[in-house]
Structure formats: structure tokens, C-alpha cells
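Q: Sharing a structure with you now.
What follows is calculated from the coordinates using simple rules that are stated; it is not laboratory data. Please read these numbers as outputs of a predicted model, since none were measured by experiment. Cβ: placed from backbone, ideal geometry, glycine included. Neighbour counts: every protein chain shown.
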Amino acid sequence: MHLNDLKLAVVGLGYVGLPLSVEFGKTRLVIAFDIDSRRIVDLQNGRDATLEVSQEELSDAKFSVYTSDAEDLKNATCYIVTVPTPIDVHKRPDLRPLISASKIIGAVLKTGDIVIYESTVYPGATEEDCVPVLEKTSGLRFNKDFFVGYSPERINPGDKDHRLANIVKVTSGSTVEVADLVDRLYRTVVTAGTHKAPSIRVAEAAKVIENAQRDLNIAFVNELAMIFNRLDIDTEAVLQAASTKWNFLPFRPGLVGGHCIGVDPYYLTYKAELIGYHPQIILAGRRLNDEMGAYVAGRLVKALIHKRIHVQGARILVMGLTFKENCPDLRNTRIVDVISELQDFGIDVDVMDPWADNARAQLEYGITLINEPKSYVYDGVILAVAHQEFAEMGACGVKRCCREEHIIFDLKSVFPRDQSDLRL
């Protein structure tokens, strides 16, 4: 199949799929599909709830057609799957969205079609888990009647500098010819270039270790923060001093949430255990990072006690709920761990976040956001997310929310060291 003959469909219009649809839709027809009909109506009206794509960018993608009708996918010959790959309550891979998307595509798959997966998975998932679903649903044969590719997403939510077009794209295909076609397809929209991996499994493995590596590095500095706290040393000051060496990696301690870093390592460890290897370093990093919410809450409680502030019934303001700054993404936010732990101590917690959607916060976590903090009522404030709005408030603005005796816990080191009581 020639590159110009490909008729594209993008299945899943979240943080990954929508920017992809918009970029391709600038120059070619794209059937942009999502099972959420409300999402489709919003996009047809030029609104993107994720804030990844502006109204102007949606307008520029004049060849994108948004639909929730699976019948419209019949007109495509190349399907790009960009659905979530979360973990379940037992921290095992949840492939249900991926399998569901494969069934939807399998129902319309035709001879000669190509299915490209972008969702993060463990090595082997595309060919071992997805392809059998495509074969069973379509009745077609893999690498005879239809073909697959894998090109892992590298979207960084909220990042307006690193966008789809200027991030190198890893590509792969189930045959040499398909790998070449997939690579050329992405090169039409990715100006930073591509890297054609020798196999789909290599491309899958490359993606899953990117975030596992970041997770381990953050776990390292989180452990340093715990050590330096006991030594009464400011962690941020240590990291700034160490960063003067040219090859020191600039990671910072914090709560590790989001759709990637706190999730992807479990995909790799799950696969490792399936083949009889029990990962030690990766899981150790995961355990440490997962415990940071309890650690943060514990430090705040100790500080309250030290100031003779009665813990049970204390009022705490948590500033920020999204998993990162200047972004509405609430997926897998670990700030909920801090909130839950504080509530277990009998503490009353208010949460504010100008970026988060209140309805989604209520639906996902049972948290009702406040619009404005009350004045002079809080025994403590946790600055959990470094939103621009919070930085602009300044330490004085934050302190106006507090009683005379209070604790300011600046998790993100937004303010100068002498303007807060606690930092990681």
C-alpha cells in the first residue's frame, strides 16, 4: 500500500489521540473516533477538555472528522489505537480498553489494512494479546491479510514546548515493508524525525523502560529527602549544589502520579514475573514512591503536634489535585493518598485546584473542590502542585489563609526556604 493511499482512523481521543488526529488532520482525512459521545460533541464545537489542543488548532485540522459511530471506521485502511492502558486495584495491567478497541477495529478490518498501536504495553502485548483479538473478530490472518505496527506515544500532558511534532517518534511494524510504511507515515507529521526499531517488541520495551527509569530516579531522590530530613538538611539545597556537576540528573522528590510514570513500571514487572523473573529494583522504587503520600501526611501531623496544634479536628488546605502543574489531568494523582491519610487522623481537609474539573474530581475520587480558600481558618497548608496561580499568590497570600499558629508544607519548593515550615 502506498503512503498516499492510507485512509487514517484514530481510535481514542484523549491526551494522545486528539493531538495526533489534529496533526494528521492538517493535511489528510482523519476519522477521529471515541466511544464517548459527549467528547465528540465538545470537539465538534471546538472544545478540548484536556486543554492539549486549542480551538484554533482544532480549526486548523480541517480534515479531521469526529465521530462516535463505529460504522464510520469502515472507511479507513489504517487504524491508530490511542486508548488508555491503566492498572487495576491489584496493580496489574488492565488491557480492557485495548482489547475493546481491537474488537471495534476487528469488526471493520479488511484485507490489506494496518493497525498501529500507540498505547503503552509490556513487550509482546501487541502480537500476543491484540493480534489474536483482531484475527478472531475479523476472520482475517495476521501478516497475510492484515498487518500491525507499534509506535509508542510520548505525549507529556500540559507541556507546550514538547509536542507531537518535535518529539522523536519510535516506530515499528510486523513486516519489513510495513515497518517502513509506518515510519514514513509518522515522518509526515513528526519534524523531529523517527527511530525505526527492529521489531515491535523492541519498540514496546523501549517505551515501558522510559518511564520505569524516571520512576526509579524519582524514588532515589525521594529516599534522599527522607534521609536528609532526619539529618535536618534541606534537600533542595543539596540538589542545587549537586546539580553544578555537568552530568548530575536534575530529578526532584515528590508524589509520582499520572498516566505513565506511576503505571508503566507495573506493566514491565508483570511481564517479567510471567517469565519467571521477580524484579527487585523496579518494584522497590515503586513501593517507595507509592508510600510518599503517607510520608507527607505523617510529616505534617508531626509538625502540627510540635506546634501544639490539636491534630483531630485540625483544618488543612491542600492546594492542587492534578498530578502535575498547569494541567487538568487527574489520572492516578497521588495527592489523594495525602488527603486520605490526613482524614484518617481526623483532620478536616479542603482541596482547591483552579485547573481541575470539579465534577471529575467528585466522580473519580469523591472530592469536592472549593473555589476560594477561606481566610485565617487553616491550621496548615500543603502546597501540593506548583500551579502558576499558586506561585503568583506568593507565600504571604498562602499565609493569609492560616491561623496565627500554622504549618506551611511546600512540597514543590515553590517559595524560598524561609517562607515555609516544611519541604520535601
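Q: As I understand it, the dipole of the stretch 122-268 uses +1 on the Cβ of Lys and Arg and -1 on the Cβ of Asp and Glu, about the Cα centre. Which of N143, V238, C260 lies farthest toward its positive end?
A: Comparing the listed Cα positions along the dipole, N143 ranks first.
Q: Loop only by DSSP, 15 or fewer other Cβ within 10 Å of the Cβ. Give me the trypsin sites (Lys or Arg not before Pro) in the stretch 283-312 that pass, ordered by residue number.
A: Values: sites: R286, R287, R299, K302, K307, R308; in loops: K307, R308.
Listed in order of number, the matching sites are K307, R308.
Q: Treating cross-link reach as a plain straight distance, find the aspartates and glutamates whose alpha-carbon is under 16 Å from the alpha-carbon of K412, omitting any fewer than eight places away in the same chain.
A: Within reach: E223, D234, E236, E325, D353, E389, E392, D421.
Q: Let me ask something else about it. Once Rh for the stretch 279-319 is found with the Kirkwood sum over Cα pairs, what is the Stokes-Einstein diffusion coefficient at 37 °C and 0.692 mPa s, in µm²/s? The partial results should precede the final answer.
A: On the way: Rh = 12.1 Å.
Value of D from the Cα-based Kirkwood radius: 271 µm²/s.
Q: Based solely on its DSSP helices, what 222 nm [θ] is calculated for the chain when runs of n ≥ 4 H residues each add -39,500 (n - 2.57) and the sum is averaged over all residues, nearest 500 deg cm²/dmol? Could the numbers behind the result be given before it?
A: Numbers: 14 runs with 158 residues, N = 424.
-11500 deg cm²/dmol, from helical runs alone.
Q: Here is a further query. To one decimal place, what orientation-averaged projected area in nm² is obtained for the convex hull of the Cα set of the stretch 47-118? All intermediate terms of the calculation are to be shown ahead of the outcome.
A: Values: hull surface 25.7 nm².
The Cα convex hull of the stretch 47-118, projected and averaged over all directions, gives 6.4 nm².
Q: Something else about it: So the label point goes 7 Å from the Cα of A107 along Cα→C-beta, right? Which residues of the stretch 4-37 then have their backbone N under 18 Å from it?
A: Counting only backbone N, you get 9-13, 31-37.
Q: For the pair R184 and Q55, how long in nm is the line joining their label points, each one 7 Å along Cα→Cβ?
A: 4.0
Q: May I ask you to evaluate 6.51 cos²θ - 1.76 cosθ + 1.60, the Karplus curve with θ = phi - 60°, for each residue of the stretch 193-202 and list the ³J(HN,Hα) values in order in whole Hz, giving x for glycine and proline?
A: Going residue by residue, I get x, 10, 10, 7, 6, x, 7, 5, 5, 5 Hz, with x marking Gly and Pro.
Q: In nm, to one decimal, how far is the I227 label point from the D88 one, both placed 7 Å along Cα→Cβ?
A: Calculated label separation equals 3.8 nm.
Q: Taking H placed 1.01 Å from N in the peptide plane, check which residues at least 5 places from I116 or on another chain put their amide H under 5 Å from its amide H.
A: Y79, I80, V81, G149
Q: Hey, got the dipole for the stretch 294-424? About the Cα centre, +1 on K and R Cβ, -1 on D and E Cβ, debye to the nearest 20?
A: Once rounded to the nearest 20, the dipole reads 360 debye.
Q: Using 7 Å Cα-to-Cβ label points, what is the Y277/S100 separation (nm, one decimal)?
A: Here the modelled spin labels are 3.3 nm apart.
Q: Considering only the other residues whose Cβ falls under 12 Å of the Cβ of N166, what net charge follows from Lys and Arg at +1 and Asp and Glu at -1? Could the numbers behind the result be given before it?
A: Values: positive: R154, K160, R163, K169; negative: E23, D159, D161.
For residues surrounding N166, the net value is +1.
Q: Under 10 Å, Cα contacts only: if you run a Gaussian network model on the chain, which one of S119, S174, S54 comes out with the highest mean-square fluctuation?
A: Result: S54 has the largest fluctuation of those listed.
Q: Still on this model: Give me the Debye-computed log₁₀ of I(q)/I(0) at q = 0.12 Å⁻¹ for the stretch 146-283, equal point scatterers on Cα only, no solvent, two decimals.
A: Reported log10 I(q)/I(0), two decimals: -0.65.
Q: Can I ask one more? Per Stokes-Einstein, at 4 °C and 1.567 mPa s, what whole-number D in µm² s⁻¹ belongs to the stretch 233-380, with the Kirkwood radius over Cα pairs as the hydrodynamic radius?
A: Numbers: Rh = 17.6 Å.
The diffusion coefficient I find is 74 µm²/s.
Q: Separate question: Per residue and in Å³, how big is the convex hull formed by the alpha-carbon atoms of the stretch 292-357? Each step should come with its number before you reach the end.
A: Numbers: hull volume 5.3 nm³, N = 66.
Dividing the Cα hull volume of the stretch 292-357 by its residue count gives 81 Å³.
Q: For Cα pairs less than 8 Å apart in space and 6+ apart in sequence, what is the mean separation divided by the residue count of the chain, i.e. the relative contact order in percent?
A: On the way: 810 pairs, mean separation 45.1, N = 424.
Reported relative contact order: 11 percent.
Q: Moving to a separate point now. Across the stretch 104-197, how many lysine pairs separated by 8 or more positions, or lying on different chains, have Cα atoms within less than 15 Å? Present the calculation step by step, with values, prior to reporting the outcome.
A: Details: K110/K136; K110/K144; K136/K144; K169/K196.
Eligible lysine pairs with Cα atoms under 15 Å apart amount to 4.
Q: Using Stokes-Einstein with the Kirkwood hydrodynamic radius over Cα pairs, what translational diffusion coefficient do you get for the stretch 313-424 at 37 °C and a viscosity of 0.692 mPa s, in µm²/s rounded to a whole number?
A: On the way: Rh = 13.9 Å.
It diffuses with D of about 236 µm²/s by this estimate.
Q: Hey, any idea what the orientation-averaged projected area of the convex hull of the chain's Cα atoms comes to, in nm²?
A: On the way: hull surface 85.6 nm².
The Cα convex hull of the chain, projected and averaged over all directions, gives 21.4 nm².
Q: Starting from the Cα-Cα distance between T27 and S199, subtract it from 0.36 nm times their residue separation and give me the gain in nm to one decimal.
A: Working: separation 172, 0.36 × 172 = 61.92 nm, distance 2.86 nm.
My answer for the length gained is 59.1 nm.
Q: If you line up the Cα atoms of the stretch 1-112 on their principal axes, what length do they span on each, largest first, in Å?
A: Here the Cα extents, ordered largest to smallest, are 42, 37, 21 Å.
Q: Over the alpha-carbon set of the stretch 157-207, work out the extent along each principal axis and list the three values in angstrom, largest first.
A: Computed over the Cα atoms, the extents are 35, 23, 12 Å.
Q: Can you bin the stretch 255-332 into rounded, prolate or oblate? Criterion: square roots of the alpha carbon gyration tensor eigenvalues sorted a ≥ b ≥ c, rounded for a/c under 1.5, prolate for a/b above b/c, oblate for the rest. Before the final figure, lay out the partial values.
A: Numbers: a/c = 4.42, a/b = 1.86, b/c = 2.38.
Verdict is oblate for the stretch 255-332.
Q: Okay, moving on. Is the stretch 175-247 rounded, prolate or oblate when judged by the Cα gyration tensor, a ≥ b ≥ c being the square roots of its eigenvalues, rounded requiring a/c under 1.5 and prolate requiring a/b larger than b/c? List each step's numbers first, then the result.
A: Details: a/c = 5.13, a/b = 2.82, b/c = 1.82.
It comes out prolate by the Cα gyration axes.
Q: Please label the shape of the stretch 48-87 as rounded, prolate or oblate, based on the square roots a ≥ b ≥ c of the eigenvalues of the alpha-carbon gyration tensor (a/c under 1.5 means rounded; beyond that, a/b larger than b/c means prolate, else oblate). Intermediate values should be presented prior to the final figure.
A: Working: a/c = 2.25, a/b = 1.14, b/c = 1.97.
Because a/c hits 1.5 or more and a/b fails to exceed b/c, the stretch 48-87 counts as oblate.
Q: To continue, here is another question. Can you list residues from other chains, or at least 5 along the same chain, whose modelled amide H is less than 5 Å from the amide H of A32?
A: Residues meeting the criterion, in which the H sits 1.01 Å from N, are V10, V65, Y66, T67.
Q: In addition: Could you give the alpha-carbon Rg of the stretch 58-198 over 2.2 N^0.38 Å, rounded to two decimals? Could the numbers behind the result be given before it?
A: Values: Rg = 15.4 Å, N = 141, 2.2 N^0.38 = 14.4 Å.
Its radius of gyration relative to the 2.2 N^0.38 Å reference: 1.07.
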